[in-house]
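S.K.: Just dropping this structure here.
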């Protein structure tokens, strides 16, 4: 798992706590990673690819609306593990 993927998991955990269903959009994750002032167009696909990989590992799941993601229990355990 890449460093960026671990950072994405942490961001989903942090940002999800502020949301009703714990769901966070790919755009919100990309913006948190790279900042509001950067061009997110080329980075969005990188973040989306990482999120899809994390979903394949069972660490995140897509919300019913298909536009947002949330951590699975396995993803939460991984993020909450002490280093």
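The values are calculated or read from the model by the stated rules, or taken from the named source; none is laboratory data. The structure displayed is predicted, hence computed values, not measured ones. Neighbour counts are summed over all protein chains in view; Cβ atoms, including those assigned to glycine, are modelled from backbone coordinates with ideal geometry.
S.K.: Would you check which residues across the range 64-78 are surrounded by 11 or more Cβ atoms within 10 Å (Cβ to Cβ) and within 16 Å of residue 20 (Cβ to Cβ) and list them?
M.R.: First, pick out the residues of the range 64-78 that are surrounded by 11 or more Cβ atoms within 10 Å (Cβ to Cβ): 67-72, 74-78.
Passing the criteria: 67, 68, 69, 70, 71.
S.K.: Next up: Considering 18, 61, which residue is surrounded by fewer than 18 Cβ atoms within 10 Å (Cβ to Cβ), modelled with pLDDT under 90 and not in a helix (DSSP H, G or I)?
M.R.: On the way: 61 fails: modelled with pLDDT under 90.
Only one candidate passes the filter, namely 18.
S.K.: Would you point out which residue out of 12, 33 is buried (at least 17 other Cβ atoms within 10 Å of the Cβ) and more than 9 Å from the chain's Cα centre (by Cα)?
M.R.: None of the others qualify; the one that does is 33.
S.K.: Follow-up. Checking residue 43 against (1) assigned to a loop (DSSP other than H, G, I, E, B); (2) modelled with pLDDT under 90, which test does it fail?
M.R.: (1)
S.K.: So, one more: Across the range 12-63, what is the total count of residues that are at positive phi and without any contact (Cβ under 8 Å) to a residue 40 or more places away in the chain?
M.R.: Of the residues in the range 12-63, 2 are at positive phi and without any contact (Cβ under 8 Å) to a residue 40 or more places away in the chain.
S.K.: If a residue has to be part of a strand (DSSP E or B) and free of Cβ contacts under 8 Å to residues at least 40 places away in the same chain to count, how many in the range 64-83 make the cut?
M.R.: Taking the range 64-83 and keeping what is part of a strand (DSSP E or B), we get 68-71.
In the following step, the residues that additionally are free of Cβ contacts under 8 Å to residues at least 40 places away in the same chain were identified as none.
Number satisfying all stated conditions: 0.
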